[in-house]
């Protein structure tokens, strides 16, 4: 099983809403990542979790709050987003940080209205 | 700062053709290079991973090569099919402390016409 599952697939939220994106993997990977991808652009790294601890925050605004409840789950909590935050949010995992192959989920298409 | 360039930006070919996608990177101190496929509005599917010590990897009709010293990789697709139509992204991770981070090229949009 090389699957990373993200829910929901699509999300529309207002600027005052609070919502969460979820990511799950059962490959025993101990590194998990959040990427953001704008239309016709490559993915950009947001956060890295290593052994359930936040190890990298790529200067992401505080309206994005990651959480790693256990080694299989990764959440991204959203609050007070702006329309320019609309994008495809991708979760990825790898055996260890920087180790070999990264596996990506299908993404959550987020629209902020 | 690592920069990854993919050429061409778009490619349209008839079904059955063999084709080559190019990827170049400015910093040869890479940990590995990975080729992905992305369908419109979807996530990334890993196609091939080449470790920095390797020269090539093959999977089915796909063959990827790596020349680390010159900062180049190619993805060869044999006997292309309409189902191969997608955006192909290459990404490199840096060796050393920041090897967690994948730096992506902007991708090549491939269209294979029946």
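Just so it is clear, none of the values below were taken in a lab; they were calculated from the coordinates. A quick note: this is a predicted structure, and the numbers were derived from the prediction, not measured. Every residue, glycine among them, receives a Cβ derived from its backbone with ideal geometry; neighbour counts consider all protein chains shown.
What's the long-distance tail for segment A:1-52, i.e. % of Cα pairs beyond 17 Å? Present the calculation step by step, with values, prior to reporting the outcome.
Details: 697 of 1326 pairs.
I get 53 percent for the Cα pairs in segment A:1-52 exceeding 17 Å.
What distance in nm separates the simple spin-label points at residue B:81 and residue B:61, each placed 7 Å from Cα in the Cβ direction?
Distance between the two pseudo-spin positions: 0.6 nm.
Between segment A:43-113 and segment B:23-78, what is the separation of their alpha carbon centroids in Å?
Measuring centre to centre over Cα atoms gives 23 Å.
Across every pair of different alpha-carbon atoms, what Kirkwood hydrodynamic radius in Å does chain A reach?
13.9 Å
Between residue B:53 and residue B:20, how high is the FRET efficiency from 1/(1 + (r/R0)^6) when r is the Cβ-Cβ distance and R₀ = 22 Å? Nearest 0.05. Show your work: numbers first, answer last.
Working: r = 23 Å, r/R0 = 1.04.
With R0 = 22 Å, the Cβ-Cβ based efficiency is 0.45.
Peptide B:102-110: average number of partner chain Cβ atoms within 10 Å per residue?
Counting other chains' Cβ atoms within 10 Å and averaging over B:102-110 gives 3.
Could you tell me the largest-minus-smallest coordinate of the C-alpha atoms of chain B on each of the three principal axes, in descending order and whole angstroms?
Cα spread of chain B along its principal axes, largest to smallest: 46, 28, 20 Å.
Ratio of the protein assembly as shown's C-alpha Rg to 2.2 N^0.38 Å, to two decimals?
Numbers: Rg = 17.5 Å, N = 227, 2.2 N^0.38 = 17.3 Å.
Rounded to two decimals, the normalised Rg is 1.01.
Which whole-number percent is the relative contact order of segment A:38-113 (Cα, under 8 Å, 6+ apart)?
Once divided by the residue count of segment A:38-113, the mean separation gives 23 percent.
Which FRET efficiency value, to the nearest 0.05, do you get for residue A:39 and residue A:77 by plugging their Cβ-Cβ distance into 1/(1 + (r/R0)^6) with R0 = 41 Å?
Step by step, r from the Cβ atoms, then E = 0.95.
Can you put A:32, A:13, A:46, A:27 in order of Cβ neighbours within 10 angstrom, beginning with the fewest?
The fewest-first ordering by Cβ neighbours comes to A:27, A:13, A:46, A:32.
If each of residue B:29 and residue A:5 carries a label point 7 Å out from its Cα toward its Cβ, how far apart are those two points in nm?
Going by the 7 Å Cα→Cβ label model, 4.1 nm.
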